[in-house]
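Before any comments, here is the structure.
The values are calculated or read from the model by the stated rules, or taken from the named source; none is laboratory data. As the structure is a computational prediction, the values presented were derived from the model and not from experiment. Cβ sites come from the backbone with ideal geometry, for glycine too, and all protein chains shown count toward neighbours. Heavy atoms of the whole protein, side chains included, go into the accessibility calculation; ligands, DNA and RNA do not. Shrake-Rupley method; radii C 1.70, N 1.55, O 1.52, S 1.80 Å.
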Amino acid sequence: MTKSELIAKLAARFPQLVAKDADYAVKMILDAMTAALTRGHRIEIRGFGSFALNYRPPRIGRNPKSGEKVQVPEKYVPHFKAGKELRERVDRIG
């Protein structure tokens with residue numbers, strides 16, 4: 001599902017919510033989540049899952065085109081872990 005599909009579903013499900021308001025709400029939620037992760041905080045949404053940061057240490061990589069060694073700097077990457085309820089609901093589908 002894309003962001004625009006989510007906004008359309010919200011607007012359809014809640015008729016009192018104009019598409020512009022749904023767009024604003026989704027944007028505010030995503031901005032708040034981004035800000036929390038940027039500050040190094042963990043986000044937990046009960047029944048859905050959690051978002052946290054994983055540390056990746058610096059390493060030596062290879063340029064796939066030339067094969068020469070390249071220094072890859074350390075970085076933090078967002079990581080999502082599905083909650084128990086989400087995993088069980090998805091498992092019932094398959």
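Just a few scattered comments:
- Neighbours by Cβ (under 9 Å, 6+ apart or cross-chain): first from the stretch 8-31, within 22 Å of GLU44 (Cα to Cα); second open to solvent by less than 60 Å² (accessible area, probe 1.4 Å) and not in a helix (DSSP H, G or I): LEU10/LEU17; ALA25/LEU17
- Here LYS81 passes the criteria (1) of a type outside the set (Gly, Ala, Ser); (2) assigned to a helix (DSSP H, G or I); (3) touching a Ser or Thr at 6+ places or on another chain (Cβ under 7 Å) except the one numbered (2).
- Leading residue by the ranking (nearest to GLY83 (Cα to Cα)) among those in the stretch 30-60 that are among the β-branched types (Val, Ile, Thr) and surrounded by 10 or more Cβ atoms within 10 Å (Cβ to Cβ): ILE45
- Matching entry among GLU74, GLU68 (being more than 26 Å from THR2 (Cβ to Cβ), touching a Phe, Trp or Tyr at 6+ places or on another chain (Cβ under 9 Å), exposed (fewer than 11 other Cβ atoms within 10 Å of the Cβ) and not aromatic (Phe, Trp, Tyr)): GLU74
- MET1 meets the conditions (1) hydrophobic (A, V, I, L, M, F, W, C); (2) modelled with pLDDT under 95; (3) surrounded by 11 or more Cβ atoms within 10 Å (Cβ to Cβ) in every case but one. The failed one is (3).
- Extreme residue, farthest from ASN54 (Cα to Cα), among residues of the stretch 66-80 that are of a type in the set (D, E, K, R) and more than 27 Å from the chain's Cα centre (by Cα): GLU68
Rundown of residues vs (1) outside any loop (DSSP other than H, G, I, E, B); (2) basic (Lys, Arg); (3) on the phi < 0 side of the Ramachandran plot, yes/no style:
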site	(1), (2), (3)
LYS20	yes, yes, yes
ILE29	yes, no, yes
GLY40	no, no, no
GLY47	no, no, no
ILE60	yes, no, yes
LYS65	no, yes, yes
GLN71	yes, no, yes
